[in-house]
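S.K.: Here it is, the structure in full.
The values are calculated or read from the model by the stated rules, or taken from the named source; none is laboratory data. Quantities reported herein were computed from a predicted structural model and do not represent experimental measurements. Virtual Cβ from ideal backbone geometry, glycine too; neighbours counted across all protein chains shown. The accessibility values were calculated without ligands, DNA or RNA, using every heavy atom of the protein model including side chains. Shrake-Rupley method; radii C 1.70, N 1.55, O 1.52, S 1.80 Å.
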Amino acid sequence: IFFRVCSLFVMATALLHVEAPAKRMSLACVASGVLAGAAVVMVGLFIKDAAPATQLFAVPTTAAMTRIPMATGMQQRPSVVTYAIPDDAPPVDEAAIAEEAAEAVIEEEEEEERVNPKDLFDGQKTYYPKLADTQADKKLWYAIDATDLRLGRMATEIARILRGSNKPMYHPAMDVGDYVIVYNAEKVTVSGNKRTQKLYRRHTTGRPGSMKVETFDQLQARVPERIVEQAVKGMLPKGILGRQLFRHLKVYKGPEHPHAAQNPIEFKFEGKLAKAAEPVTRGRP
Amino acid sequence: FRNAPAMTVRKDKIRALAKGFYGRRKNVWTLQINGVEKALQYAYRDRRRKKREWRKQWIQQLGAGVLEHGISYSRFISHLANLKVLLNRKMLAELAQTEPSSFRCLVEMVRDRMAEQRKVQLQGAIERLRQETAVEDLRREWNLDKDRRKKIDIEALLLEREREIIQKAQKGG
């Protein structure tokens, strides 16, 4: 059956190549459109011992299935794919197709263009994000109110968003993440006795003996943004890309931030992330 | 004795492989040979690693795509296997990226199955609860042992009671 499909496709492309060039593009578009449409149905056929295709439940056909926009490069990909058809699929009416093929006007040409096998399998390559997908206009902006959020639990989620790990288009070498704004940074909390016992160290001059040590609450009184920044920086990859991702994090003291023009989406710590918003019960608050 | 033609042929091959190396490693023979040997070893090793890396990436992408719909990758994959969906991770990741509706179909299939499983689990839990409450009621009714660690066989007790009743009736009669 696989060879039957392949041969049909080869015949179809041969027909297209052989007919007048003006007709070629439109027919190619129609053929690829049909194949793309058929691909969705063929996914259903792939499923063995499951309900027949008519019982595929109604999927809500809203415009945005997910919040994340599709990559630009993907819309231009050729939808040339072939799937194996199982034996219990409806039979292909070869007679009718053969009739149509016979009726088509075939002009004899000197050379027949051979179909390059690579074209048939182009759809099998996993998508690699292009430069266009890493541009700032493709990125979403998220705003997080850090009031009473636990520092580390919030920071992991921020790092995930910055890196793009929440997207199916994720690639570790490309910047496919989003921007994150954190406000009310001075209200971030830690559990246990960390408020007075967690130390932040820095070497001011680079020479031994010039290490400065501060506790969490001292640093929060002085430069509260740095606490969130350091937490997230430690969770991002270290390197050129990691540094670039870190620049997409904007932390502010207080409720105001200057990025209203980016229409940031308010990010709530709910559901699986609800632990970050749980009130601190142990230790000195 | 130096066989110049044969040696240059061999060295040229290695020189060609050293293109793009940093600094003297691309120009100087002793560094070239070191670099190229290591590079070829890495190539051998990484042809095997490549397969693992791709699969890792597909799983990460799948995990992200599935988490958007509120399921974890592990649950998704296990239920998909039980539903005998043979799509591999590469295709699933591709669907998650380019065919959101089809992917959503798969997610909903898994969700239906999870709901069925939960129903069966609940029924089992209800049954167990019913049995436990029945045993508790019997304990109270018949003033049985206070020792709760003893497992009570309801049927055996009932048979005993029946036998007692029968014996009493026989004695009386």
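S.K.: Which numbered condition in (1) open to solvent by 30 Å² or more (accessible area, probe 1.4 Å); (2) within 29 Å of the chain's Cα centre (by Cα) is the only one that A:V213 fails?
M.R.: Tallying (1) open to solvent by 30 Å² or more (accessible area, probe 1.4 Å); (2) within 29 Å of the chain's Cα centre (by Cα), A:V213 fails exactly one: (2).
S.K.: Conditions first: (1) of a type in the set (D, E, K, R); (2) within 7 Å of chain A (Cβ to nearest Cβ); (3) over 24 Å from A:G271 (Cα atoms). B:R104 passes all but one, so which condition is the exception?
M.R.: Unmet for B:R104, out of (1) of a type in the set (D, E, K, R); (2) within 7 Å of chain A (Cβ to nearest Cβ); (3) over 24 Å from A:G271 (Cα atoms): (3).
Residue by residue, here is whether (1) at pLDDT 90 or above; (2) more than 14 Å from chain B (Cβ to nearest Cβ); (3) within 20 Å of the chain's Cα centre (by Cα) holds:
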| residue | (1), (2), (3) |
| --- | --- |
| A:P91 | no, yes, no |
| A:E108 | no, yes, no |
| A:G123 | no, no, yes |
| A:A143 | yes, yes, yes |
| A:D148 | yes, yes, no |
| A:K194 | yes, yes, no |
| A:K198 | yes, yes, no |
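S.K.: Give, as residue ranges, the helices (runs of 4 or more DSSP H) completely inside the stretch A:178-285 that count at least 3 residues that are closer than 28 Å to A:Q135 by Cβ.
M.R.: A:224-235, A:240-246
S.K.: Pull out all pairs, ordered by first then second residue, where Cβ-Cβ is under 6 Å, the residues are six or more apart or on different chains, the first lies in the stretch B:73-91 and is within 12 Å of chain A (Cβ to nearest Cβ), and the second is among the charged types (D, E, K, R) and not in a helix (DSSP H, G or I).
M.R.: From the stretch B:73-91, the pairs are B:K84/A:K48; B:K84/A:D49.
S.K.: Is there a residue being surrounded by 14 or more Cβ atoms within 10 Å (Cβ to Cβ) and outside any helix (DSSP H, G or I) anywhere in the stretch B:56-66?
M.R.: no
For every residue, the table says whether it meets (1) open to solvent by 60 Å² or more (accessible area, probe 1.4 Å); (2) closer than 19 Å to A:P224 by Cα; (3) in contact with a strand residue (DSSP E or B) (Cβ under 8 Å, 6 or more places away or on another chain).
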site: A:L241; (1), (2), (3): no, no, no
site: A:R247; (1), (2), (3): yes, yes, no
site: A:V251; (1), (2), (3): no, yes, yes
site: A:E256; (1), (2), (3): yes, yes, yes
site: A:A260; (1), (2), (3): yes, no, no
site: A:K268; (1), (2), (3): yes, no, no
site: A:L273; (1), (2), (3): no, no, no
site: A:T281; (1), (2), (3): yes, no, no
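S.K.: Considering only the stretch A:125-137, how many residues are in a helix (DSSP H, G or I) and either away from chain B (no Cβ under 14 Å) or more than 27 Å from A:V182 (Cα to Cα) (or both)?
M.R.: The number of residues fulfilling the criteria is 5.
S.K.: Oh, and also: Tell me whether the stretch B:127-145 contains one or more residues that are within 14 Å of chain A (Cβ to nearest Cβ), closer than 30 Å to A:G271 by Cα and in a helix (DSSP H, G or I).
M.R.: no
S.K.: If A:V232 passes every condition in (1) surrounded by 17 or more Cβ atoms within 10 Å (Cβ to Cβ); (2) closer than 16 Å to A:R153 by Cβ; (3) touching a Gly at 6+ places or on another chain (Cβ under 9 Å) but one, which one does it miss?
M.R.: (3)
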